[in-house]
1. Check Phe401 against each of (1) open to solvent by 20 Å² or more (accessible area, probe 1.4 Å); (2) assigned by TED's automatic domain parsing to the domain that holds Ile305 and name the one condition it does not meet.
2. Can you name every residue in region 210-252 that is among the charged types (D, E, K, R) and either out of contact with any helix residue (DSSP H, G or I) (no Cβ under 8 Å at 6 or more places or on another chain) or not assigned by TED's automatic domain parsing to the domain that holds Gly89 (or both)?
3. How many residues are touching an Asp or Glu at 6+ places or on another chain (Cβ under 9 Å) and more than 16 Å from Glu24 (Cβ to Cβ) when one looks only at region 96-119?
4. Being open to solvent by 80 Å² or more (accessible area, probe 1.4 Å) and within 16 Å of ligand 1 (Cβ to nearest atom) narrows it down to one of Leu59, Leu38, so name that one.
5. Out of (1) out of contact with any Gly (no Cβ under 9 Å at 6 or more places or on another chain); (2) open to solvent by less than 40 Å² (accessible area, probe 1.4 Å), the odd one out for Ser139 is which?
6. Going through region 375-405 one residue at a time, which ones are assigned to a strand (DSSP E or B) and either touching a helix residue (DSSP H, G or I) at 6+ places or on another chain (Cβ under 7 Å) or of a type in the set (Gly, Ala, Ser) (or both)?
7. Taking Ile110 as meeting all but one of (1) away from ligand 1 (no atom under 15 Å from the Cβ); (2) under 19 Å from Cys184 (Cα atoms); (3) modelled with pLDDT of 90 or more, write down the number of the exception.
8. Out of all the residues in region 352-377, which are open to solvent by 60 Å² or more (accessible area, probe 1.4 Å) and at pLDDT 90 or above?
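The values are calculated or read from the model by the stated rules, or taken from the named source; none is laboratory data. Just so it is clear, the structure is predicted and the values come from calculations on it, not from any experiment. Here the Cβ positions follow ideal geometry from the backbone for every residue, glycine too, while neighbour counts run over all protein chains shown. Heavy atoms of the whole protein, side chains included, go into the accessibility calculation; ligands, DNA and RNA do not. Shrake-Rupley method; radii C 1.70, N 1.55, O 1.52, S 1.80 Å.
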Amino acid sequence: MTISIASQETSEQQLDNEVVLSVEGVSKKFCRDLKRSLLYAVQDIATELVGIRQKSEKLRRDEFWALKDVSFQLRRGEALGLVGPNGSGKSTLLRIISGLIKPDSGFVEIKGRIAPLIALGAGFNPILTGRENIYANMSILGLSKKEIDERFEAVLDFAEIGAAIDAPVQTYSSGMAARLGFACAIYTEPDILLIDEVLAVGDIKFRAKCYRRLAKLREQGTSFILVSHNPHSILSICDRAMYLSKGNLIATGNTDLVMNRYEQDLFLNGLEKSSGLMLLSEKARNSESDLYIIYLCFKDKEENILDYPITGEPTYFCVGCKVSKKLNDLSLAILITEMSGENDIVLNLSAYMDDCPLQIDDKNTEIQLQMPYLGLKPGVYSMKVHIAQNSLTLFDAIESFRFTVKGNKSMNQCSFYQPRAWKVTNKLSYTQLV
Ligand code: ADP
Ligand code: MG
């Protein structure tokens, strides 16, 4: 029995790192045409019955890969964010993991109890009441009647849907169904929880409560996979993220890096990908104006043009202008919005508001907004740029300059860069308190 001694010694460490879900080379194909997909299904069953069916790597007409060769592991207590554009295969992957559909190739290995929260109202019978559904749903998830009886009050308390618990589930709003689904799922005390966008329909207070509960479950060792289109939820909750596109696993690893890559792909296309520089064709500009913009770029403090600005670094935002006469009282204004959010404004700066009127002589000029530290966190942004006189006469404007900010400082779960220093002193401000 030598193994048990060795394993006891490291059992705690092993528990922490224990793989609870292993997905190996999973692929799944679907057919776009319903009629044809039925025909293929019949064909597959027939060939399987006579024993000649081979797992085909080939696609038949109208078929496509909803998932292609996806592999990853989930460890105990780990929170994995799953992101990707609509139709990229996220729900398909969760449905395969939860056993609702079978992959065409590859396999899934699960240790422990799994609770899928993967479609609103899934697992509920619409004509049964909430109360009856709690029993039905939790027993499908593997609990005995006695266990459900013990937890019933707690589920009701958590769901907070009041008297509606005795109404049929088909009369519930999507938020109420989500509340009941979430409450059932967490009180089965699953080892793995799969959450597919369902929290988005709950109200803000309920969502906050769910996220607090998720944090608690995680401390107790529950692992989960969270699909969300809200990058803030992914960034603040998950330690690792996975990015799917058209069924392929594009990136996996550190949440910040994966989200950054995903946002870049979503919001920037091809050419613009790593460009912190925007050159404007002079012909297309308003060349009748006394001043018009010919380029926008970011520079470091040695005035080298940057491919992309970096969080926490000294950064100059520069606007190159063609100027045909001397101008006073000019203002450069910038408004930066975050592409991944709901167009939230993150910076709104102008020389006019800062009481710094700019003077320009009649030569071509570069106006610089010098920032000792770039406070923007890594991500993809869009900037509006205006140059006006006395805040009234608009000379030129660029409506959308898209750029990516990258990070090289520790920006884990921070929403802006905080310049800082750490220090220990012997000076106590209060000595009388204890
Ligand atoms: P996501 O959850 O990332 O938005 P899905 O996993 O739901 O994407 O879908 C991936 C692709 O598979 C989509 O193109 C979708 O239309 C297709 N799909 C999903 N389920 C089926 C199905 N049962 N039959 C045919 N196509 C499907
Ligand atoms: Mg989906």
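1. (1)
2. Going residue by residue through region 210-252, those that are among the charged types (D, E, K, R) are 212-213, 216, 218-219, 239-240, 246.
Selection gives Arg212, Lys216, Arg218, Glu219, Lys246.
3. Of the residues in region 96-119, 8 are touching an Asp or Glu at 6+ places or on another chain (Cβ under 9 Å) and more than 16 Å from Glu24 (Cβ to Cβ).
4. Working: Leu59 fails: open to solvent by 80 Å² or more (accessible area, probe 1.4 Å).
That would be Leu38, the only listed residue that is open to solvent by 80 Å² or more (accessible area, probe 1.4 Å) and within 16 Å of ligand 1 (Cβ to nearest atom).
5. The one condition Ser139 does not meet is (2).
6. Gly379, Val380, Ser382, Ala388, Ala397, Ser400, Arg402, Thr404
7. Condition not satisfied by Ile110: (2).
8. Within region 352-377, the subset open to solvent by 60 Å² or more (accessible area, probe 1.4 Å) is 352-357, 359, 361-364, 370, 372-373.
Of everything in region 352-377, those that are open to solvent by 60 Å² or more (accessible area, probe 1.4 Å) and at pLDDT 90 or above turn out to be Tyr352, Met353, Asp354, Asp355, Cys356, Pro357, Gln359, Gln370, Pro372, Tyr373.
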